[in-house]
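Undergrad: Quick one: structure below, then a few questions.
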Amino acid sequence: MLKITKFGGSSVADSTQFKKVKNIIESDPSRRFVIVSAAGKRDPKDNKITDLLYLCHAHVEYHVDYLPLFKMIEKRFLDIKEELSLDTDIEGEFAEMESSLPKLSLDELASRGEYFTARLMADFLGFPFVDAKDVIEIRYDGSFDYEKTSENLKRILSDNDRFVMPGFYGRTPDGRIKVMTRGGSDISGSILARCLKADVYENWTDVSGFLVADPRIVKNPKNIEKITYSELRELSYMGASVLHEDAIFPIRKFNIPIHILNTNRPEDQGTIILDSIEEDKNGPIITGIAGKKDFTAVEIYKKHMSNDVGIVRKTLSVFEKYKVSIEHIPSGIDSFSIVVRSKDVSENIYDIVSEIKEAIHTDHIHVADGIALIATVGRNMMSRPGTSGRLFAALGNSGINIRMIAQGSDEINIIVGVENKDFERAISIIYDNFMKEEA
Ligand code: ASP
């Protein structure tokens, strides 16, 4: 059994968190490859090291004194070192970095959070430290070179059967450090899981996996035990985010499970994410509910529209011109709506409407603001007729007006648009209707 274990920023925020990580690693001998994010927030008002490093770079760029900030970053690491009585000479490295700071690239500087966290973690666990710049190969276009990364790992593994590696960065073909997008350590873990053919990729964070609904809306929602990558994508898009979306791609076709676990409550079951899950006829119909407020529907009406070729294209090209991305296009025979995020059109809505009127020769355009979209997601919906009927009836019987309906062609997601004011109540009703009965 081989497990890749990745710990997020809050799991390595201070020496107390480091001790929790050590307990987790030592409780299972298959946890031999550890990836860490940079030390994160210790409390809600604290700062993430990575944010401070970016800020430090901005100070350098704008010729503002960066030293106090730099010292603050250094102190976070020195505190961990001292509290855990570690030997690693990070003071020497910080002194060197301080003198060369104005010459460091943004990526190099931003990567130091993960680097120092991993150095200290390796020392604390008694594991070798392996630098991500000697492992993760990133092409100039930003894609990952799995072949070269696997070769690097092979070389490293001939001397080591375990290690700690910083997440979030790798190197380009010319040997420069390149960081990934924010939260990228999740991707580093996933790359390692793929290249080392891991049995499971454990992603340790500060929540016990995914919940069926937002706990701020539904009281004590159930935990999602298992979820497919596609379901997760639908839910994440609607706002439920624990894992970097791109972490799925390196391992998707190998169906390596990602197990989301809580460093602060390691005994909790967590959530397992898989590419495919065998159908469970007795399993829950729905996997999760998520949603977002503040959408605008531009409702377009025109007589005999269905015979008018190119009308949707002409309309969409107006949105394209204003660089507005489209969320949904529910349609009827002589009408269709374009649903977009309100903030994306707030400045230009009058211009957009008048340009559409001109492009498709209609005066019947209505703009409806304050729409919330709610996605009810579940891989088991496909095989259970009547799911959407049940959902609409539950909302209808509670007096909630459904403004629009959309369903993706893979039939794992039913999206309803309701008024913003009905958002929370609609989610509770859907939850109660589908989950309470299954208890
Ligand atoms: N430390 C980086 C960030 O804050 C990457 C990560 O945490 O995964 O985005």
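Undergrad: If you average 1/r over every pair of different alpha-carbon atoms in the stretch 294-398 and take one over that average, what Kirkwood value in Å do you get?
TA: Roughly 15.4 Å, rounded to one decimal.
Undergrad: I need ILE191, ILE156, ILE138 ordered by Cβ neighbour count within 10 Å, fewest first.
TA: So the residues, fewest neighbours to most, are ILE156, ILE138, ILE191.
Undergrad: What is the Cα centroid distance between the stretch 88-155 and the stretch 400-439, reported in whole angstrom?
TA: Result: 45 Å between the Cα centres.
Undergrad: Considering only DSSP beta bridges with both partners in the chain, what is the antiparallel share in %, to the nearest 5?
TA: Percent antiparallel among DSSP bridges in the chain is about 60.
Undergrad: Then there's this: Enumerate by residue number the trypsin sites (Lys or Arg not before Pro) in the stretch 88-147 meeting two conditions: DSSP loop (anything except H, G, I, E, B), and at most 14 other Cβ atoms within 10 Å of the site's Cβ.
TA: Passing both the DSSP loop test and the Cβ count: ARG139.
Undergrad: Sticking with this one: Using a Cα-Cα cut-off of under 14 Å, which aspartates and glutamates could be cross-linked to LYS81, ignoring same-chain neighbours fewer than 8 residues away?
TA: ASP14, ASP89, GLU91, GLU93, ASP123
Undergrad: Based solely on its DSSP helices, what 222 nm [θ] is calculated for the chain when runs of n ≥ 4 H residues each add -39,500 (n - 2.57) and the sum is averaged over all residues, nearest 500 deg cm²/dmol?
TA: Computed ellipticity for the chain at 222 nm equals -10500 deg cm²/dmol.
Undergrad: Say each of SER27 and ASN420 gets a label point 7 Å from the Cα, pointing the same way as Cα to Cβ; how far apart are those two points in nm?
TA: Taking the simple label geometry, SER27 and ASN420 are separated by 4.4 nm.
Undergrad: Remind me, relative contact order of the stretch 83-241 in percent, using alpha carbon pairs under 8 angstrom and six or more residues apart?
TA: Taking the mean separation of contacting Cα pairs over the length of the stretch 83-241, I get 18 percent.
Undergrad: Subtract the Cα-Cα distance of ARG233 and LYS197 from 0.36 nm times their separation in residues, and report this length gain in nm to one decimal.
TA: 10.6 nm
Undergrad: Return the distance in nm (one decimal) between the two label points of a simple spin-label model at SER100 and TYR322, each offset 7 Å from Cα along Cα→Cβ.
TA: The modelled label-to-label distance comes out at 5.0 nm.
Undergrad: Of all the stretches in the chain, which is the longest one without any exposed loop site, taking chymotrypsin sites (Phe, Trp or Tyr not before Pro) in a DSSP loop (any state but H, G, I, E, B) with at most 16 other Cβ atoms within 10 Å?
TA: The longest such stretch corresponds to 141-321.
Undergrad: If you don't mind, there's one more thing I want to ask. For Cα pairs less than 8 Å apart in space and 6+ apart in sequence, what is the mean separation divided by the residue count of the chain, i.e. the relative contact order in percent?
TA: 13 percent
Undergrad: So, counting K/R as plus one and D/E as minus one, what does the shell of residues with Cβ under 11 Å around ILE156 add up to?
TA: Within the 11 Å Cβ shell, the charges total -2.
Undergrad: Something else now. Given the convex hull over the Cα atoms of the stretch 160-277, what projected area results after averaging over all orientations, in nm²?
TA: The orientation-averaged projected area of the Cα hull of the stretch 160-277 comes to 8.7 nm².
Undergrad: Is any residue of the stretch 252-276 close enough, with backbone N under 15 Å, to a label point placed 7 angstrom from the Cα of GLU83 along the Cα-Cβ axis, and if so, which?
TA: In the stretch 252-276, the label zone of GLU83 (backbone N under 15 Å from the point 7 Å along Cα→Cβ) covers 264.
Undergrad: Ok, one more. Share of antiparallel DSSP beta bridges in the stretch 26-177, in percent to the nearest 5?
TA: 25 percent
Undergrad: Further, regarding this structure: Can you give the Kirkwood hydrodynamic radius for the stretch 249-360, in Å, rounded to one decimal and based on Cα pairs?
TA: Result for the stretch 249-360, one decimal place: 18.2 Å.
Undergrad: Fewest to most neighbouring Cβ within 10 Å: what's the order for GLU151, GLU96?
TA: Lowest to highest Cβ neighbour count: GLU96, GLU151.
Undergrad: List the trypsin sites (Lys or Arg not before Pro) in the stretch 333-439 that DSSP assigns to loop (not H, G, I, E or B) and whose Cβ has at most 15 other Cβ atoms within 10 Å. Which are they?
TA: none
Undergrad: Note down the Stokes-Einstein diffusion coefficient of the chain in µm²/s, whole number, using a Kirkwood radius over alpha carbon pairs, 37 °C, and 0.692 mPa s.
TA: 135 µm²/s
Undergrad: Using r as the Cβ-Cβ distance of HIS304 and THR172, and R0 as 56 Å, what FRET efficiency do you calculate, to the nearest 0.05?
TA: 0.50
Undergrad: For the stretch 165-207, what does the alpha-carbon gyration tensor say about shape, rounded, prolate or oblate, given a ≥ b ≥ c as the root eigenvalues, a/c under 1.5 as rounded, and a/b over b/c as prolate?
TA: Since a/c reaches 1.5 but b/c is at least a/b, the shape of the stretch 165-207 is classed as oblate.
Undergrad: Tell me which GluC sites (Glu not before Pro) from the stretch 180-249 have a DSSP coil assignment and no more than 15 other beta carbons within 10 Å of their own.
TA: Sparse-neighbourhood loop GluC sites (Glu not before Pro): GLU225.
Undergrad: Just rank ILE349, ILE300, fewest to most, by other beta-carbon atoms within 10 angstrom.
TA: Ranked by crowding around the Cβ, least crowded first: ILE349, ILE300.
Undergrad: Let me ask something else. In nm², what is the average projected area of the convex hull enclosing the Cα atoms of the stretch 1-113?
TA: Result: a mean projected hull area of 7.9 nm².
Where a number appears in this text, it was derived from the coordinates with a stated rule and is not lab data. Predicted model only: the values in this text are computed from it and were never measured. In this analysis, Cβ positions are derived from the backbone assuming ideal geometry, glycine residues included, and neighbour counts consider all displayed protein chains.
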